[in-house]
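Read the structure below first, then the notes.
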Amino acid sequence: MKYAKLKNGKVEILTCEKPKLNSKGAIIKVLGCGLCGSDLVKIKHANQNNEDEIILGHEVVGIIDEINSDTSTFKIGDVVALGHHYPCFNCEFCKNKSYSMCRTFKNSNIFPAGFAEYIKVDDNHLKYTVYKMNSSLKDDEKAFLEPLSCCLRAIKRAGFDYKKDNSIYSALVIGLGSIGLLMLKGLKAFNVDAHGLDISKERQEFANKEGFNFIENKKYDVVFLTAGSSKTIETALKYIIDGGKIIVFASVEDDFSGFSNNEIYYRELSVISSYSPSPNDIELSAHLLNEGIVKVNNLSTQYSLDNLANAVDDSFRNKIFKAYIKI
Ligand SMILES: [Zn+2]
Ligand SMILES: [Zn+2]
């Protein structure tokens, strides 16, 4: 079968044996996989020493092809989407609800890669991160299960509870790529008054059309940084209300520019980060997508597996919002 791998810093399509179901879990025939910003960061920072460990692709949608599980109710033929990591629920990190810091979380993964014709997932994936997806959704929409769950965790870490009325609060999302847009859609599902800002006129107009315009003379209760540029820190400080929360949701190139100590202190600002979703966030993401509460149509551009390198190039050049690799 075909799968994608980094070789000498470049994305290549190679062949390997179809994974075997030699322990509890399932083999999933991959229908497609989204290209994540984190895949792009990994590709950018790959060197020959680490490229064997890099797993490309994790926003998988597929069909259960083989299954051997005592705990799950999935059947062969079920169309599912999934997340790739699960926590142990036992360690000191899990006890603090820092699930994405759990060592089991960091070491668990799908095999051999999301950009592959077949993958193996284990029993804990089936238990915690795999969800049946509604047939009314297109495959590229189902693949938003994991990225949306990342945004939902960030929204929860900003202090919002899905069951509560959050309509008195406002949020500004800086950076309107696919993750910025997903964050806005998630905030809307949480009933937060959500606005977006981007230096690209085209991206700003797209967000405006979706109902997430930018209001210049307003201070926001929460600001989400999704752009991957440290310049957005200044913008966040300009538009955040005193006592507000800034959510860091992207890595930046120039790691040394940061927040001014005194600005955080005198204005009582909270700077909070959010990295990766827990099983609860994936569950809520499946609910919001399957019930049509969050709509993710017309966000993806489709590529074949053989054209993955082009999808990577187009993403680096910001030519598209989101690449979906049909397998
Ligand atoms: Zn992702
Ligand atoms: Zn743990």
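Values quoted throughout were computed directly from the atomic coordinates according to the rules given, and no laboratory measurement underlies them. Given the structure is predicted, the values throughout are model-derived calculations rather than measurements. Using ideal geometry, Cβ is built from the backbone for each residue, glycine included, and neighbour counts are taken over all protein chains shown.
Phi angles across region 15-30 convert, under the Karplus curve 6.51 cos²θ - 1.76 cosθ + 1.60 with θ = phi - 60°, into 3J(HN,Hα) values of 10, 8, 6, 4, x, 9, 8, 8, 8, 4, x, 8, 9, 10, 7, 6 Hz, Gly and Pro given as x.
Straight-distance candidates among the aspartates and glutamates for linking to LYS219, with alpha-carbon spacing under 18 Å and chain neighbours fewer than 8 residues away dropped: ASP193, ASP198, GLU234, ASP242, GLU263, GLU268.
Note on region 154-273: with charges restricted to the Cβ of Lys and Arg (+1) and Asp and Glu (-1), its dipole about the Cα centre is near 380 debye.
With a 10 Å Cβ neighbour count serving as the proxy for reagent exposure, in which order, fewest first, do ARG153, ARG317, ARG103 appear?
Details: ARG153 23, ARG317 8, ARG103 12.
Ordered from fewest to most neighbouring Cβ atoms within 10 Å, ARG153, ARG317, ARG103 come out as ARG317, ARG103, ARG153.
With neighbours defined as other Cβ atoms within 10 Å of a residue's Cβ, the residues CYS36, CYS88, CYS150 order from fewest to most as CYS88, CYS36, CYS150. Relative contact order of the chain: 19 percent, from C-alpha pairs under 8 Å at least 6 residues apart in sequence. Once each of the GluC sites (Glu not before Pro) sitting in a DSSP loop with at most 12 other beta-carbon atoms within 10 Å is removed, the chain keeps 18-215 as its longest stretch.
If you average the sequence gap of Cα pairs under 8 Å that are 6 or more apart and divide by the length of region 189-241, what percent do you get for the contact order? Contact order relative to length: 29 percent.
Note on the chain: with charges restricted to the Cβ of Lys and Arg (+1) and Asp and Glu (-1), its dipole about the Cα centre is near 260 debye. Taking every C-alpha pair closer than 8 Å and separated by at least 6 residues, the mean separation divided by the residue count of region 154-273 gives a relative contact order of 24 percent. Most simply put, the chain has about 55% antiparallel DSSP beta bridges, counting only bridges with both residues inside it.
Distant-in-sequence amide contacts of ILE246, defined by a placed amide H-H separation under 5 Å and a gap of 5 or more residues or a different chain, comprise VAL223, SER270, VAL271, ILE272.
For a quick check: sort VAL173, VAL252, VAL312 by the number of other beta carbons within 10 angstrom, fewest at the front.
Numbers: VAL173 32, VAL252 17, VAL312 22.
Ranked by crowding around the Cβ, least crowded first: VAL252, VAL312, VAL173.
In straight-distance terms, cross-link reach from LYS7 covers every one of the lysines whose alpha-carbon lies under 30 Å from its own, apart from those fewer than eight places away in the same chain; here that gives LYS18, LYS20, LYS29, LYS42, LYS44, LYS106, LYS120, LYS142, LYS319, LYS322, LYS326. With the convex hull drawn around the C-alpha atoms of region 154-273, the volume per residue stands at 94 Å³.
Would you give the gap between the C-alpha center of region 192-257 and the C-alpha center of region 65-132, rounded to a whole Å? First find each Cα centre; the distance between them is then 32 Å.
On a 0 to 90° scale, report how tilted helix 279-290 is relative to the longest principal axis of the chain, with both axes built from alpha carbons and the result rounded to the nearest 10. The answer is roughly 90 degrees.
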